[in-house]
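Structure record follows, encoded as C-alpha cells.
The values are calculated or read from the model by the stated rules, or taken from the named source; none is laboratory data. Small disclaimer: the values here were computed from a predicted structure and weren't measured. So basically every Cβ, Gly included, is an ideal-geometry build from the backbone, and we count neighbours across all protein chains shown.
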Amino acid sequence: MNEWQTWEQASIGLRHYRMRKLLGSNKPLKCPCCGMIKKIELSNKSHNYLEDPSDWQYLCHQCHSDYDMKNNSKSTFYEKFNNLFKEKNGG
Ligand SMILES: [Zn+2]
C-alpha cells in the first residue's frame with residue numbers, strides 16, 4: 001500500500017482504504033438506508049472521493065449499488081472496481 005501518496009495522488013481504491021481506516025469504529029451494524037442488518041460497505045456520496053468524512057457513507061451492498069446506479073454515471077466501472085477491491089481486501 002502506497003502510504004506516502006497524498007490524497008490527490010491516491011487511487012480511488014486507496015482512498016476507500018484510507019477513509020475506512022479513518023472512519024473505523026463509526027461503521028454501523030444496520031444499513032442507515034434500509035435499516036437491515038447486513039454487511040455494510042463504505043460508499044462515496046459525491047463520487048469526487050474527497051478527503052472529507054462527510055463525503056462518505058456506510059450502506060449495505062444493495063443500497064450501495066442502488067445509490068451508485070442513481071448517482072454515478074460510471075457505475076459499470078465502479079461495479080468492476082468494487083469486485084476487484086473485495087477480492088483484494090476480503091470485503
Ligand atoms: Zn441497505
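Can you name the number of the only condition in (1) small (Gly, Ala, Ser); (2) more than 14 Å from Leu14 (Cα to Cα); (3) surrounded by 12 or more Cβ atoms within 10 Å (Cβ to Cβ); (4) modelled with pLDDT of 90 or more that Ser75 fails?
(4)
Would you please name the residue that is nearest to the ligand (Cβ to nearest atom), looking only at residues in the range 21-45 that are touching a Phe, Trp or Tyr at 6+ places or on another chain (Cβ under 9 Å) and of a type outside the set (A, V, I, L, M, F, W, C)?
Among residues in the range 21-45 that are touching a Phe, Trp or Tyr at 6+ places or on another chain (Cβ under 9 Å) and of a type outside the set (A, V, I, L, M, F, W, C), the one nearest to the ligand (Cβ to nearest atom) is Pro32.
Show the residue pairs meeting these rules: Cβ distance below 9 Å; 6+ apart or different chains; first residue within the range 33-59 and without any contact (Cβ under 8 Å) to a residue 60 or more places away in the chain and farther than 14 Å from His16 by Cβ; second residue away from the ligand (no atom under 16 Å from the Cβ) and among the β-branched types (Val, Ile, Thr).
none
For Gly35, only one of the following conditions fails: (1) in a loop (DSSP other than H, G, I, E, B); (2) touching a Pro at 6+ places or on another chain (Cβ under 8 Å). What is its number?
Every condition holds for Gly35 apart from (2).
Looking only at the range 40-72, count every residue that is acidic (Asp, Glu), modelled with pLDDT of 95 or more and in a helix (DSSP H, G or I) and tell me the total. Before you say what the answer is, go through the steps one by one.
Within the range 40-72, the subset acidic (Asp, Glu) is 41, 51-52, 55, 66, 68.
Then keep just the ones that are modelled with pLDDT of 95 or more; that gives 51-52, 55.
Applying the additional criterion that residues be in a helix (DSSP H, G or I) yields 55.
So the answer is 1.
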